[in-house]
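The values are calculated or read from the model by the stated rules, or taken from the named source; none is laboratory data. Keep in mind it's a predicted model, so treat the numbers as computed, not measured. In this analysis, Cβ positions are derived from the backbone assuming ideal geometry, glycine residues included, and neighbour counts consider all displayed protein chains. These area figures cover heavy atoms from the full protein model, side chains too; ligands, DNA and RNA do not enter into them. Shrake-Rupley method; radii C 1.70, N 1.55, O 1.52, S 1.80 Å.
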Amino acid sequence: MEKLIIEATNQTPEVIFDGENGAFFIAGKSYPENVNEFYKDIYDYIELYKQKPCHKTTIDFKWLYYNTATTKNIIKIILLLKDCSPEFEINWICKKHFDLIIEKGEEIKEVLNVNLNIIQN
Amino acid sequence: MYDIFKELEQEKISLAYFGVFNDKITNLLISLSEDYLQRQDKLKKLSKKTSFLIAESFQNIVRHGVVNKEDILEKNLSKDFFQLSVQGDRISISSANVITNKEAQEFSNYIDNINELDAEGLKNLQLQTLSRANLSEKGGAGLGIIEMVRKSGFPLKKHFIQLSEDFSLVILSMEIANSDKEKQHKISIQNIETIYKRMSEKNIIMFYKGDFSNTSNTNIIEILNNNFMKDGDINPSNLKNIVAIIEVMQNVSKHGKEINGFREGIFALTLEDEELYVECSNFIKQENFEELEKNLIHIKTLNNNQLELFYKDKMANSYLSEDQNGGLGLLEIARFTKNTFNYSFTKTTDDEIFYSIKFKTI
């Protein structure tokens, strides 16, 4: 399975999805006005991955900031990936003192009742 | 805000800025102007010239502003200012900055001399200045001013306001027309001075009236982002402000009424009682009005705990919602501001609805 690589722009994040190794990575800013259009490729890729998933799936989010339309998509990505492998890990990587992003990670953990590791670096 | 909108009705795009002046901001303002001009058949060809002149105008502010900025700020005499506006077939680029009274006199004479030159005279002066190659202490050797007059095709307009025994405010204004044959000024420097004073009195830090398309929004957000930076990085304490501004702009834009392919609106950043306020307004579609008002009235009835619960509930089910942001946008603004944001709907005489949201930054 080929990787999905999308370069970051001012309003969209960097995306590196490696289906061969079950490693997914999204980083940066996300506030495109037409958010559905941007995340469509990501969902298409996840659907393909789900046909032959790895034993362990890991997704790393490393946000600077994002809008609420992105929140909806983060929820959707997690729900889509959550049950496709026996093991599933979410790493929520934040810069130190980025309290807003830490709070947002905690909210997602609580609302979805998922194991989400908040890592400050 | 609707009053200012009406006042600037003739201006298709107007951006006034009292903030940090650096290369990044120059580039963002250039891309804001290019984005607009490229989509205008009659003004498209002026895009490059305008970009060039914005850069020159910025350099002029940076180079010729007084050295001891702290003196000026402490005395609260004045602030550096930049304005870009498009009115009909004209573009005007204006700037204001503080210089010493001694420099003001020399500068005024220098501009008078340049304004008297014809195209040939300007070209010769430019060549002479270049060949001397001994750039002035502050760099540029006046080449920027010569370029401004040459490129705009109009004499440079200037206005000096003495601020104190030592300092004066110099307002410079250039006009660009889409035909070389146009030699008549249409934009008066008194208008620029009025805008400067009005925005300065109202403590407006940034004011944008224009298109609220995705690209324009991104450029404005990046300009603000740049002002919220600390040591070249995003200042974490401003994250909520950046996100709230994105939400408010996208909210206003989402409900915005498109007129001639543009979703025209206003964005302003103001200082009131030492607090920074964000205000965003535009015309909304009639069919969106009732639902939006109902939603806002409901949000305003919630206390902070109820807001949190409502937000989390919406968030959990957001993926099922047809709404692009799952209905979370206004709730985010409400909880960030502890429900202190204000909104208003103004019905116009044309039966249109002008929607405005204002909040104190966090």
Item to check | Cut-off under 5 Å, modelled amide H: who pairs with residue A:64 long-range | outcome: A:28, A:29
Next on the checklist: For the stretch A:1-15 and the stretch B:281-356, what is the centre-to-centre distance using only Cα atoms, to the nearest Å?
Outcome noted: 31 Å
Next on the checklist: Compute, for the protein assembly as shown, the length of the dipole vector about the Cα centre, with Cβ point charges of +1 (Lys, Arg) and -1 (Asp, Glu) only. Units Debye, rounded to 20.
Outcome noted: 440 debye
Next on the checklist: Taking the solvent-accessible surface of protein heavy atoms with a 1.4 Å probe, what is the per residue accessible area of chain A in Å²?
Outcome noted: 46 Å²
Checklist outcome for this item: Distance in nm between residue B:6 and residue B:132 label points, each 7 Å along Cα→Cβ, equals 5.2 nm
Item to check | Share of alpha-carbon pairs per 20 Å distance bin for chain B, given as whole % | outcome: 27, 53, 18, 2
Checklist entry - Cross-link list A:3/B:314; A:3/A:52; B:202/B:358: which exceed 23 angstrom alpha carbon to alpha carbon? => result A:3/B:314
Item to check | Interface burial for B against A (accessible surface, 1.4 Å probe, total of both chains, Å², rounded to 100) | outcome: 2800 Å²
Checklist entry - Ignoring ligands, DNA and RNA, what percent of the accessible area of the stretch B:202-362 is carbon or sulfur (1.4 Å)? => result 44 percent
Item to check | Spin-label model distance (nm) - residue B:352 vs residue B:233, 7 Å beyond Cα toward Cβ | outcome: 4.5 nm
Item to check | Listed residue (B:177, B:307, B:131) projecting farthest to the positive dipole end of chain B, Cβ model | outcome: B:131
Checklist entry - Quick one: which bits of the stretch A:91-109 get at least 50 Å² less accessible when the partner protein chains are in, versus the chain alone, with a 1.4 Å probe? => result A:98, A:100, A:107
Checklist outcome for this item: Computed from the beta carbon distance with a Förster radius of 25 Å, FRET efficiency for residue B:151 and residue B:39 to the nearest 0.05 stands at 0.70
Checklist outcome for this item: Given backbone amide H placed at 1.01 Å from N, residues whose amide H is under 5 Å from that of residue A:19, ignoring those fewer than 5 places away on the same chain, are A:4
Checklist entry - Assuming R0 = 22 Å, what is the FRET efficiency of residue B:201 and residue B:342, from their Cβ-Cβ distance, to the nearest 0.05? => result 0.55
Item to check | Stokes-Einstein diffusion coefficient of chain A, Kirkwood radius over Cα pairs, 37 °C, 0.692 mPa s, in µm²/s | outcome: 228 µm²/s
Checklist entry - Say R0 is 22 Å: what FRET efficiency, to the nearest 0.05, do residue B:185 and residue B:102 get from their beta-carbon distance? => result 0.15
Checklist entry - Where in chain B are the helices, taken as whole DSSP H runs, whose Cα atoms extend 15 angstrom or more along the long axis and whose Kyte-Doolittle mean reaches at least 0.0? => result B:239-254
Checklist entry - Where q = 0.17, 0.23 Å⁻¹, what log10 of I(q)/I(0) comes from the Debye formula for the stretch A:13-83, counting one point per Cα? => result -0.59, -1.06
Checklist outcome for this item: The relative contact order of chain B, taking Cα pairs under 8 Å that sit 6 or more residues apart, comes to a percentage of 16 percent
